[in-house]
Amino acid sequence: MQILVVNPNTTASMTATIGAAARSVAGASTEVVAVTSSMGPASIEGYYDEALAVPGLLVEIAAGERAGAQAAIIACFDDTGLDAARAMANIPVVGICEAALSIASFIAQRFTVVTTTKRSWVPVEALVQRYGMAGQARVRAADIPVLALEDPASGAAEKLRGEIARALDEDRAEAIVLGCAGMADLAAELQREFGVPVIDGVGAAVKQAEALIALGLSTSKRGAYANPLAKPYLGALESFAPDAVAAE
Ligand code: 5HY
């Protein structure tokens with residue numbers, strides 16, 4: 001099976017981290033195709049970046065579906081563009097936040113998401129609410145820029161460790177969810193270091209995408225995620241006009 005993993009920001013080095021994490025858990029018969037969005041923000045930190053990352057994300061998912069991907073993963077902890085992607089695509093689309101939270105709920109009653117910037121804090125809290133985990137999950141921000149994770153000298157990993165320690169102490173967290181795709185390479189060592197389960201959303205999403213494919217399940221195209229209604233789009237977004245035959 002082939003799974004597409006899209007980094008919706010435009011930083012290729014983060015895609016390399018994401019792809020390696022995905023391949024480290026993928027099954028022997030799973031091919032992981034990791035791609036970087038070709039347009040949009042270098043990192044996604046808050047609502048404006050999220051919105052402007054969606055067109056580039058959709059381009060990559062549409063191309064990956066045409067190229068034979070049987071599922072797509074949005075490798076951004078804001079689950080950026082997840083609903084639009086599910087409406088556009090005819091393959092299952094998994095967001096790493098939803099994937100990580102659901103996996104965490106199988107192994108802990110209380111867990112804390114540690115994300116990057118304070119700007120990302122409220123959007124992630126909104127996702128926790130949307131996914132029905134408000135009773136189990138707390139959200140913290142380590143106050144690190146997303147791209148600082150790409151620089152070992154930035155001290156980002158140390159700040160992340162400090163926030164994890166506070167979560168274990170103050171939140172009584174039984175597990176930690178890493179709240180950024182760029183943290184995917186840190187999960188195993190942090191789990192060893194802190195002695196609690198540390199969940200990376202990229203790996204969680206790969207296993208859930210494999211499960212959907214193996215179960216022969218894809219996004220329902222009735223109602224919410226029906227293909228977009230055909231209509232003209234003008235200006236810079238002209239090429240995004242839905243050409244699917246609309247299911248009324
Ligand atoms: C992510 N931003 O996973 C999110 C994390 C965040 O560029 N990739 C990004 O801090 O919102």
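The values are calculated or read from the model by the stated rules, or taken from the named source; none is laboratory data. Keep in mind the model is a prediction, meaning the values are calculated, not measured. Note that each Cβ is placed from the backbone with ideal geometry, even for glycine, and that neighbours are counted across all protein chains shown.
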Candidates Ala104, Ala148 - the one that is outside the structural domain of Ile74 (by TED's automatic domain parsing), at pLDDT 95 or above, crowded, with 18+ Cβ neighbours inside 10 Å and over 15 Å from Glu174 (Cα atoms): Ala148
Only residues that are more than 10 Å from the ligand (Cβ to nearest atom), among the hydrophobic types (A, V, I, L, M, F, W, C) and free of Cβ contacts under 8 Å to residues at least 40 places away in the same chain: list them for the range 100-125, please. Phe106, Val122
Which of the numbered conditions does Thr219 fail, given that it passes all the others? Conditions: (1) more than 26 Å from Val35 (Cα to Cα); (2) polar (S, T, N, Q); (3) in the same structural domain as Gln70 (by TED's automatic domain parsing). (1)
Of the conditions (1) within 17 Å of Pro197 (Cα to Cα); (2) in a helix (DSSP H, G or I), Leu178 satisfies every one except a single condition; which number is it? (2)
The one condition in (1) surrounded by 14 or more Cβ atoms within 10 Å (Cβ to Cβ); (2) out of contact with any Phe, Trp or Tyr (no Cβ under 6 Å at 6 or more places or on another chain); (3) of a type outside the set (Lys, Arg) that Thr219 fails to fulfil: (2)
Could you pull out every one of the strands (runs of 3 or more DSSP E) wholly within the range 42-124 that has 2 or more residues that are closer than 30 Å to Glu158 by Cβ and of a type in the set (Val, Ile, Thr)? 71-74, 111-115
Please enumerate the residues belonging to the range 140-182 that are free of Cβ contacts under 8 Å to residues at least 60 places away in the same chain, under 23 Å from Ile103 (Cβ atoms) and within 14 Å of the ligand (Cβ to nearest atom). Arg140, Ala141, Ala142, Leu160, Glu163
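Which ones in the range 199-216 are among the aliphatic types (A, V, I, L, M) and surrounded by fewer than 23 Cβ atoms within 10 Å (Cβ to Cβ)? Walk me through it before giving the result.
Going residue by residue through the range 199-216, those that are among the aliphatic types (A, V, I, L, M) are 199, 202, 204-206, 209, 211-215.
Of everything in the range 199-216, those that are among the aliphatic types (A, V, I, L, M) and surrounded by fewer than 23 Cβ atoms within 10 Å (Cβ to Cβ) turn out to be Ala211, Leu212, Ile213, Ala214, Leu215.
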Which residues, counting only those in the range 20-39, are under 18 Å from Leu186 (Cα atoms) and away from the ligand (no atom under 14 Å from the Cβ)? Ala20, Arg23, Ser24, Val25, Ala26
Given (1) away from the ligand (no atom under 15 Å from the Cβ); (2) in the same structural domain as Tyr225 (by TED's automatic domain parsing); (3) within 17 Å of the chain's Cα centre (by Cα), number of the condition Gln129 does not satisfy: (2)
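Could you tell me which residue of the range 3-19 is nearest to the ligand (Cβ to nearest atom), considering only residues that are assigned to a helix (DSSP H, G or I) and within 14 Å of the chain's Cα centre (by Cα)? Show your work before the answer.
Our first condition is that a residue be assigned to a helix (DSSP H, G or I); within the range 3-19, this holds for 12-19.
Those still in the list that are within 14 Å of the chain's Cα centre (by Cα) too: 14-15, 17-19.
Values: Met14: 7, Thr15: 10, Thr17: 11, Ile18: 9, Gly19: 14 Å.
Going through the qualifying residues, I end up with Met14.
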Name, by its number, the condition in (1) surrounded by fewer than 24 Cβ atoms within 10 Å (Cβ to Cβ); (2) near the ligand (Cβ under 9 Å from one of its atoms) that does not hold for Ala53. (1)
